[in-house]
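To start, the structure under review is shown below, and the notes come after it.
The values are calculated or read from the model by the stated rules, or taken from the named source; none is laboratory data. These numbers come from a predicted model, not from an experiment. Positions of Cβ are backbone-derived with ideal geometry, glycine not excepted, and every protein chain shown enters the neighbour counts. Note: areas computed on protein heavy atoms with side chains; ligands, DNA, RNA excluded. Shrake-Rupley method; radii C 1.70, N 1.55, O 1.52, S 1.80 Å.
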Amino acid sequence: MSKAQRKVVVSAAVTGGVHVPSMSKYLPKTPDQIIEDAVGAAKAGAAIVHIHARKEDGCPTADYDTFERILSGIKARSDVVIGITTGGAQGMTVEERFAVIPRFSPEIASANGGSINFCLTRMLDGIQAHEYEWEKPFIERTYDNVFKNTFHDIEYCINMMNHCDTLPEYELFDYGQIANLAYFVSKGIVRKPIYLQFVPGIMGGMPISNEGMMFIIEQAKKLLGSDIQYSTVAPGRRMFRLATMMALQGGNVRVGMEDGLYIKPNGTLAHSSGQQVEKIVHILEALDFEIAKPDDAREQLHLKGKDKVHF
């Protein structure tokens, strides 16, 4: 009898801190809309939802009360694994960004693999008019922005997540950040399983290509071990091609309105993250993949369970 196929974990990043409301009327921009989008994505087949918080006007925030409202609202309606960003908001210190971990003790959270010139100004080219005054300066500031994640910061993050029994989802924006993580593996503070989230396509980081993804998977296995688990952010209009390619290479997949606003490469806007989840689930099932349920993801990633979070 052949060995049972590993189930594919589908994650949905439902709003993020990159897109602004003027780019799509469907972008979840308020706490209630984020809750609805996350619950809808879970119903469509996502085992994990990745959460950023936004104010009522759609502006990204790291406010505890807003996070609490969103996280508890999702948990009350779904068994989905809820992951939290540690990206925070522009201008926040590392300590402020990571304070959400001890406060909420999530099952999984993003952990950044290194510093990057995180620039979003190309997005301005497609915006005809801004719905809110905060949008244009928010984007323009990123032209002179470094997303700071020093070795000290990375170690601080890993130790904090270890203390809270929160799985780090190591976000790697460039090839060299594999070596950053390998250093902390050698120090003995990185626990298994090692879960990587490749993030191509940021202006300042690695470009998007199938060849690039093949290379980084190969190098990650050489430096971090063949037993790593991984996924990729699949940004832009061709989200589903890159996500499918990652599944074919033994990885998991991520879609959602944080990563791309589209359902088709011709520019047709997605109405929700759930619609994107439905599409990638259909593609994967047509390729004979089995889709992981939330408890499958918990088992595969060795997560502590929703009863041990602080929200």
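Just to be sure, is Gly256 open to solvent by 30 Å² or more (accessible area, probe 1.4 Å), small (Gly, Ala, Ser) and out of contact with any Pro (no Cβ under 6 Å at 6 or more places or on another chain)? When the stated conditions are applied, Gly256 does not pass them.
In segment 92-117, what count of residues is obtained for those that are more than 15 Å from the chain's Cα centre (by Cα), buried (at least 19 other Cβ atoms within 10 Å of the Cβ) and within 16 Å of Gly17 (Cα to Cα)? Reasoning before the result, please.
Kept after step one, since they are more than 15 Å from the chain's Cα centre (by Cα), are these residues of segment 92-117: 92-105, 114-117.
Retained after the next criterion (residues that are buried (at least 19 other Cβ atoms within 10 Å of the Cβ)): 97-98, 100-101, 104-105, 114-116.
From what's left, within 16 Å of Gly17 (Cα to Cα): 97-98, 100, 116.
Residues meeting the conditions: 4.
Among the numbered criteria (1) touching a helix residue (DSSP H, G or I) at 6+ places or on another chain (Cβ under 8 Å); (2) buried (at least 19 other Cβ atoms within 10 Å of the Cβ); (3) farther than 28 Å from Ala286 by Cβ, which one does Gly17 miss? Looking at each condition in turn, Gly17 falls short on (1).
On inspection, His282 fails the criterion of being more than 18 Å from the chain's Cα centre (by Cα), under 19 Å from Glu36 (Cα atoms), at pLDDT 95 or above and of a type outside the set (A, V, I, L, M, F, W, C).
Quick one: is Ala41 out of contact with any Lys or Arg (no Cβ under 6 Å at 6 or more places or on another chain), modelled with pLDDT under 95 and either part of a helix (DSSP H, G or I) or open to solvent by 10 Å² or more (accessible area, probe 1.4 Å) (or both)?
Criteria not met by Ala41.
What residue, of Ala270, Ala243, Ala247, Ala286, is in contact with a Leu (Cβ under 8 Å, 6 or more places away or on another chain) and under 20 Å from Lys7 (Cα atoms)?
Ala247 is the lone residue from the list that is in contact with a Leu (Cβ under 8 Å, 6 or more places away or on another chain) and under 20 Å from Lys7 (Cα atoms).
Of all residues in segment 224-263, which are charged (D, E, K, R) and over 25 Å from Gly17 (Cβ atoms)? Quick ask: steps written out before the conclusion?
Narrowing segment 224-263 to residues charged (D, E, K, R): 227, 237-238, 241, 254, 258-259.
Matches in segment 224-263: Asp227 only.
Can you pull out the residues in segment 69-79 that are surrounded by fewer than 20 Cβ atoms within 10 Å (Cβ to Cβ) and hydroxyl-bearing (Ser, Thr, Tyr)? Within segment 69-79, Ser72 is the sole residue that qualifies. Considering segment 259-274, and only residues there that are free of Cβ contacts under 8 Å to residues at least 60 places away in the same chain and assigned to a loop (DSSP other than H, G, I, E, B), the residue that is least open to solvent (accessible area, probe 1.4 Å) turns out to be Gly260.
Looking across Ile82, Ile35, one residue alone is open to solvent by less than 70 Å² (accessible area, probe 1.4 Å) and part of a helix (DSSP H, G or I). It is Ile35.
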